[in-house]
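Here's the structure, in structure tokens; my notes come after.
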Ligand code: 4AD
């Protein structure tokens, strides 16, 4: 269908010329002599006003004014109020009619209500803005890594090893639920891959293998976690950005994380001014100023041990008590980033017991070279580390966790054949979007959220 994107009409209005646009009716007003339609085709947050002069020759179906109807409109671009382009309609055709039971009839619906219709909510201003910011952020992330000599690799989604060792993998099987085998081994031996397989929680292990050849790589794809966490920041399927860097130690990894986050936020502020103003007005007052502030200052850094001390001295009543050795909960993370630092902060050097087997063991024998990036409002958005590059130390850490070394022989080979210091991190893409938009529930920054007990 030949037509002009509504975005182009706003970007470079050719006043006086004729155009054809398509879109869905977002609002309409009718009066004796004139009718107005606000049309949106998804390319722009702003709607294009279509003006229908009812005293003229134009004949059209009254159903063209119904919300949700898809239209093809031809007409002349004219200057409306404050120089905003609008269309004086010459021809209005209904592409798809829309009955009155169309659920998006109100100007503002709650996010909870919209969650019940993920197939339609993209037609609201909020999701129009979220999806565009998401798209621009994704491009900015690719651009950042491409500009810095990283190679984009695609790591497998089906895997035989659990990267994080947290037992949160979805199983992949072709054997029906009622098949009976003598034991687990026999069951898996008969399954598609001849052994137990699952959906990857992280592309890191394979990413490390690629980085040991290409130097700097990144992945950008889905990760799956069967965590039973019904929280506003957990998805069972989330998008994961994972750079892996050879010849790098923990401070190098932290430098990349800070630079990348700042660069992509700058890009969104520059490329999505309308969307960001929308979020500032409707989701978090002062959002743009907060992001400008974030990117113009250094992020904070604190060790886990110092963070625990700060939390204990805070006098705050936390739901989860704080002791050295405990995992930081969202309430602790938010206290550190919001109350202590008032900005994004890296927490480093966690106790080895609460972190994964692959992290570099620090000389103190108690902590590992791990890093989490905590941001106000959300908590953790990045988790990373320097990796243990020493074969013997890695084996020891795996044995302490009773891991099956046979499943990790490829990974261990990397420490045998030209091992180098290396590290990387995982950025939860939806968590970054939450932070950038001020949208507080992760279910509202992805097209179809998958959470415990919820799939469609
Ligand atoms: O801290 P995590 O578990 O680290 C890893 O997976 C490492 N293998 C990454 C690496 O070093 N390459 O996860 C990384 C990030 C978290 O900080 C969080 O932002 C996000 O992934 N994340 C989730 N996002 C949404 N829903 C979930 N269930 C998530 N689990 C982790």
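The values are calculated or read from the model by the stated rules, or taken from the named source; none is laboratory data. Because the structure is predicted, anything quoted here is derived from the model rather than measured. With ideal geometry, Cβ positions are generated from the backbone for all residues, glycine too; neighbour counts draw on all protein chains shown.
Here's the yes/no breakdown for (1) touching a residue at least 12 places away in the same chain (Cβ under 8 Å); (2) closer than 30 Å to residue 13 by Cβ; (3) part of a helix (DSSP H, G or I):
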| site | (1), (2), (3) |
| --- | --- |
| 77 | yes, yes, no |
| 88 | yes, yes, no |
| 108 | no, yes, no |
| 118 | yes, no, no |
| 133 | yes, yes, yes |
| 136 | yes, yes, yes |
| 143 | yes, yes, yes |
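Would you tally the residues in region 305-329 being surrounded by fewer than 16 Cβ atoms within 10 Å (Cβ to Cβ) and within 23 Å of the chain's Cα centre (by Cα)?
Summing the residues that are surrounded by fewer than 16 Cβ atoms within 10 Å (Cβ to Cβ) and within 23 Å of the chain's Cα centre (by Cα) in region 305-329 gives 1.
Would you confirm whether any residue within region 388-405 is modelled with pLDDT under 95, surrounded by fewer than 15 Cβ atoms within 10 Å (Cβ to Cβ) and within 16 Å of the ligand (Cβ to nearest atom)?
Yes.
Is it the case, given these coordinates, that residue 281 is more than 10 Å from the ligand (Cβ to nearest atom), in a helix (DSSP H, G or I) and in contact with a strand residue (DSSP E or B) (Cβ under 8 Å, 6 or more places away or on another chain)?
Criteria not met by residue 281.
Quick check on residue 429: is it more than 9 Å from the ligand (Cβ to nearest atom) and closer than 29 Å to residue 145 by Cα?
no
With respect to the numbered conditions (1) within 15 Å of the ligand (Cβ to nearest atom); (2) closer than 30 Å to residue 408 by Cα; (3) assigned to a loop (DSSP other than H, G, I, E, B), which one is the sole condition not fulfilled by residue 363?
That leaves (1) as the condition not met.
Is there a residue in region 248-255 that is within 12 Å of the ligand (Cβ to nearest atom), assigned by TED's automatic domain parsing to the domain that holds residue 429, within 18 Å of the chain's Cα centre (by Cα) and surrounded by 18 or more Cβ atoms within 10 Å (Cβ to Cβ)?
Checking region 248-255: not a single residue is within 12 Å of the ligand (Cβ to nearest atom), assigned by TED's automatic domain parsing to the domain that holds residue 429, within 18 Å of the chain's Cα centre (by Cα) and surrounded by 18 or more Cβ atoms within 10 Å (Cβ to Cβ).
I need every pair where a residue in region 428-440 that is at positive phi has its Cβ under 8 Å from the Cβ of a residue that is modelled with pLDDT of 95 or more and away from the ligand (no atom under 13 Å from the Cβ), sequence separation at least 6 or different chains.
From region 428-440, the pairs are 438/279; 438/280; 438/283; 438/284; 438/287.
I need the full set of residues from region 145-172 which are in a helix (DSSP H, G or I) and either in contact with a strand residue (DSSP E or B) (Cβ under 7 Å, 6 or more places away or on another chain) or in the same structural domain as residue 44 (by TED's automatic domain parsing) (or both), in order please.
Answer for region 145-172, where residues must be in a helix (DSSP H, G or I) and either in contact with a strand residue (DSSP E or B) (Cβ under 7 Å, 6 or more places away or on another chain) or in the same structural domain as residue 44 (by TED's automatic domain parsing) (or both): just 145.
Check region 184-196 and report whether any residue there is surrounded by fewer than 18 Cβ atoms within 10 Å (Cβ to Cβ) and in contact with a strand residue (DSSP E or B) (Cβ under 6 Å, 6 or more places away or on another chain).
Among the residues of region 184-196, not one is surrounded by fewer than 18 Cβ atoms within 10 Å (Cβ to Cβ) and in contact with a strand residue (DSSP E or B) (Cβ under 6 Å, 6 or more places away or on another chain), which makes the answer no.
Is it the case that some residue within region 205-223 is within 11 Å of the ligand (Cβ to nearest atom) and either farther than 24 Å from residue 412 by Cα or modelled with pLDDT under 95 (or both)?
Among the residues of region 205-223, at least one is within 11 Å of the ligand (Cβ to nearest atom) and either farther than 24 Å from residue 412 by Cα or modelled with pLDDT under 95 (or both), which makes the answer yes.
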